[in-house]
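Before any comments, here is the structure.
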Amino acid sequence: MVTFKLLLAISSIKKWPILQVDINNAFLNGDLQEEVYMALPPGFSPSNTEDNSNLVCKLHKSIYALKQSSRQWYKKLSDALLIAGFSQSAADYTLFTRGSNVDFIALLVYVDDIIITGPNIDLLHQLQDALNDQFQLKALGPLKYFLGFEIAKSDDGGFLSQRKYTLQLFEDTGYTCSKPAKTPMDPRTKFDNEQGHLLDDPSSYRQLIGRLLYLTLSRPDITFSVNTLSQFMLSPRTTHMQAIHHLLRYLKGSPGQGLLYSSKSSLHLRGFSDSDWAACPTTRRSVTGFCIFIGDCLISWKIKKQTTVSKSSAEAEYRALASTSSEITWIQYLLADFQINQPTPAFIYCDNSQPYI
C-alpha cells in the first residue's frame, strides 16, 4: 500500500493521468507446470462410460480454488510484461516500469486489479489495448475506486479516503446514529489483561479489530489506538470493547477524512520519528512511531512495539530512528524505479534533546 500511495502522490504532483483495468477471470489464464487432477464436476457424466467412480479430470490450465492459481497467474502476467519491455522493481515485485521522460509508464498490480500511470495518455491507452489482446479485461477508465479506497482527483491534486468502507462499518455495528467523540482514545487510559470481564464472544472484537486495521491505511489518526487495542485479541475484556466503541464514535465525526496529495508539493523525502520509553505496563517495551512524507504528501506511517526492552530513552529513540531510516531507504529505491531524482539527502526529524553523532 505504500507503493500505491507513492504512485498516487507522484502522479498528483506531476499531473499524470491514472487508468485502471480489471482482468476478467484472471486465474483461468495461468498455465500449470505440475500434473493436477480433480474429481468430476457434479452432474458431469461421460457418455462412453457407465461407472464414473474411478474417473478424474486432468487439468491443463489453472482454475479458481487451486493452490497454484495465484502464482501461475502472476507468472503469466509478469512474463508478458517483461516481454513487452517492462522492468520489474526489486523493491516491490508488483511494480513494473518502462521507458523514460515522456515515454515513462508505471504499472502496479494487485492480483487482477491493475493501475497504469505516466505522462503520455496515448501510451497508456496503447498498453491497455495490448493487455486486452492477451487477456480479456475491463477498462475502468480513470482511477476512482481501488481496493476499498476512494480516489478523487482535481487540479489541486488527489484525495484518498475510505468513506464508503467507514459508513458500511457503522451500518454493520449499529453506530450510524451514534454521538461523535472528539478523540480516538483517552490518552490517560492504560490497558492491561486484568481490568474488566472477559467477553463471552471474543470473535466480534477480533472482527472489529481486523476491519479497523484496514481502515488505518488511510487514517493515521487512529493508528495508535488500533495498535494498542489489537494487542488484546487473545483474551479481550469489556474495557477493550468499550474503547473500540469510543473509537467508532470518533470515526462517526469524520467518516470521509483521508489524505490529500497536493499537486503543488515538492518531491523531497523527509521523515519524522518518535518513541516512548517502557510505556507498556505488561512488557515494559517501548513503542516506535514514524511517518514519512514526500513533499507535503504523507505516504507511510507506522506504530509498533519494539521487539526488545530498551534500557534508556535514548536507546528507544535510536531504535525508532533505525526503523525510520530503513523505511526511507526502501522508499528511495522505489523513487529510483519511478525515475525521481533525489539531489539532496532525506531528512529525519526527532524530538530528542540529546544530540546524535
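The values are calculated or read from the model by the stated rules, or taken from the named source; none is laboratory data. Quick caveat, the model's predicted, so the values are computed rather than measured. When we count neighbours, we look across all protein chains shown, and the Cβ atoms used for this are built from the backbone with ideal geometry, even at glycine. These area figures cover heavy atoms from the full protein model, side chains too; ligands, DNA and RNA do not enter into them. Shrake-Rupley method; radii C 1.70, N 1.55, O 1.52, S 1.80 Å.
Kindly report the accessible area of the chain per residue (heavy atoms of protein chains, probe 1.4 Å, no ligands, DNA or RNA), in Å².
Numbers: 19030 Å² over 357 residues.
Normalised by residue count, the accessible surface of the chain is 53 Å².
Rounded to the nearest 0.05, what FRET efficiency do Asp31 and Cys57 have when you use their Cβ-Cβ distance and R0 = 22 Å?
0.85
Dividing the alpha-carbon radius of gyration of the stretch 1-137 by 2.2 N^0.38 Å (N being the number of residues), what value is obtained?
Cα Rg divided by the expected 2.2 N^0.38 Å: 1.36.
What list of ³J(HN,Hα) couplings, whole Hz, do you get for the stretch 21-37 from phi and the Karplus terms 6.51, -1.76, 1.60, once you set θ to phi - 60° and write x for glycine and proline?
Each residue of the stretch 21-37 in turn: 10, 10, 7, 7, 6, 4, 5, 6, 7, x, 9, 7, 9, 9, 7, 10, 10 Hz.
About the Cα centre of the stretch 203-315, how large is the charge dipole given +1 on each Lys and Arg Cβ and -1 on each Asp and Glu Cβ? Please answer in debye to the nearest 20.
Dipole of the stretch 203-315, to the nearest 20 debye: 300 debye.
On a full-extension model of 0.36 nm per residue, what is the gain between Gln242 and Ser154, subtracting their alpha-carbon distance, rounded to one decimal in nm?
Extra length available between Gln242 and Ser154 comes to 27.7 nm.
Give the accessible area for Cys291 in Å² (nearest 10); use a 1.4 Å probe, count only protein heavy atoms, and leave out ligands, DNA and RNA.
40 Å²
Considering the dipole of the chain built from charges on the beta carbon (Lys and Arg +1, Asp and Glu -1) around the Cα centre, which of Ala181, Asn29, Ile18 is farthest to its positive end?
Ala181
Count charges around Glu35 for me, please; just the other residues with Cβ under 15 Å from its Cβ, Lys/Arg as +1, Asp/Glu as -1.
So the environment of Glu35 carries a net charge of +1.
Work out the length of the dipole vector of the stretch 1-142 about its Cα centre, built from +1 on the beta-carbon of each Lys and Arg and -1 on the beta-carbon of each Asp and Glu, and round it to the nearest 20 debye. Intermediate results must be reported in sequence, preceding the final value.
Details: 11 positive and 14 negative charges, 100 e Å.
Result for the stretch 1-142 is approximately 480 debye, rounded to the nearest 20.
Among Leu213, Leu160, Leu321, Leu234, what's the order by accessible area (1.4 angstrom probe), most exposed first?
Leu234, Leu213, Leu321, Leu160
Show the residues, 5+ positions off or on another chain, whose built amide H is closer than 5 Å to the amide H of Gln306.
Residues meeting the criterion, in which the H sits 1.01 Å from N, are Ser286, Val287, Thr288.
Ignoring ligands, DNA and RNA, what percent of the accessible area of the chain is carbon or sulfur (1.4 Å)? Don't skip to the answer; put the middle values down first.
Values: 10280 of 19030 Å².
Of the solvent-accessible surface of the chain, carbon and sulfur hold 54 percent.
Please give the calculated 222 nm ellipticity per residue for the chain, where each DSSP H segment of at least 4 residues contributes -39500 (n - 2.57) and the sum is spread over every residue; nearest 500 deg cm²/dmol? Could the numbers behind the result be given before it?
On the way: 8 runs with 114 residues, N = 357.
Dividing the helical sum by the residues of the chain leaves -10500 deg cm²/dmol.
Mind grabbing the accessible area of Val309 for me, 1.4 Å probe, Å², rounded to tens?
80 Å²
Between the stretch 312-347 and the stretch 139-187, how many Å separate their Cα centres?
Centre-to-centre (Cα) distance: 29 Å.
Given a Förster radius of 30 Å and the C-beta distance between Ser266 and Tyr214 as r, what FRET efficiency does 1/(1 + (r/R0)^6) yield to the nearest 0.05? All intermediate terms of the calculation are to be shown ahead of the outcome.
Numbers: r = 30 Å, r/R0 = 1.00.
That pair, Ser266 with Tyr214, gives E of 0.50.
Excluding Ile105 itself, calculate the net charge of residues whose Cβ lies under 15 Å from the Cβ of Ile105, where each Lys or Arg counts +1 and each Asp or Glu counts -1.
-2
Give the share of C-alpha pairs in each 20 angstrom bin for the chain, from 0 to the last occupied bin, in whole percents, shortest bins first.
Histogramming the chain at 20 Å steps yields 23, 49, 25, 3, 0 percent.
What are the ³J(HN,Hα) couplings of the stretch 114-124, residue after residue, when phi is run through the Karplus curve with 6.51, -1.76, 1.60 and θ = phi - 60°? Round to Hz, x for glycine and proline.
Along the stretch 114-124, the couplings run 10, 10, 10, 9, x, x, 9, 5, 5, 5, 5 Hz.
To the nearest 20 debye, what is the magnitude of the charge dipole of the chain about its Cα centre, counting +1 on the Cβ of each Lys and Arg and -1 on the Cβ of each Asp and Glu?
Charge dipole, the chain, about its Cα centre: 1000 debye, nearest 20.
Apply the Karplus curve 6.51 cos²θ - 1.76 cosθ + 1.60, θ = phi - 60°, to the phi angles in the stretch 100-110 and return the couplings in whole Hz, x for Gly and Pro.
Couplings: 7, 6, 6, 9, 6, 9, 10, 10, 10, 10, 10 Hz.
Just how much of Phe86 is accessible, in Å², when a 1.4 Å probe is used and the result is rounded to the nearest 10?
Spelled out: Phe86, probe radius 1.4 Å, area about 10 Å².
How do Asp351, Asp155, Asp22 stack up against each other in accessible area, from largest to smallest, with a 1.4 angstrom probe?
Ranking Asp351, Asp155, Asp22 by accessible area, largest first, yields Asp155, Asp351, Asp22.
Using a Förster radius of 51 Å, what is the FRET efficiency between Thr283 and Ile121 based on their Cβ-Cβ separation? Nearest 0.05, please.
Efficiency computed from Cβ-Cβ geometry: 0.45.
List the longest stretch of the chain that has no exposed loop site; here a site is one of the trypsin sites (Lys or Arg not before Pro) assigned by DSSP to anything other than H, G, I, E or B, with at most 15 other Cβ within 10 Å.
Value returned for the longest uninterrupted segment is 68-143.
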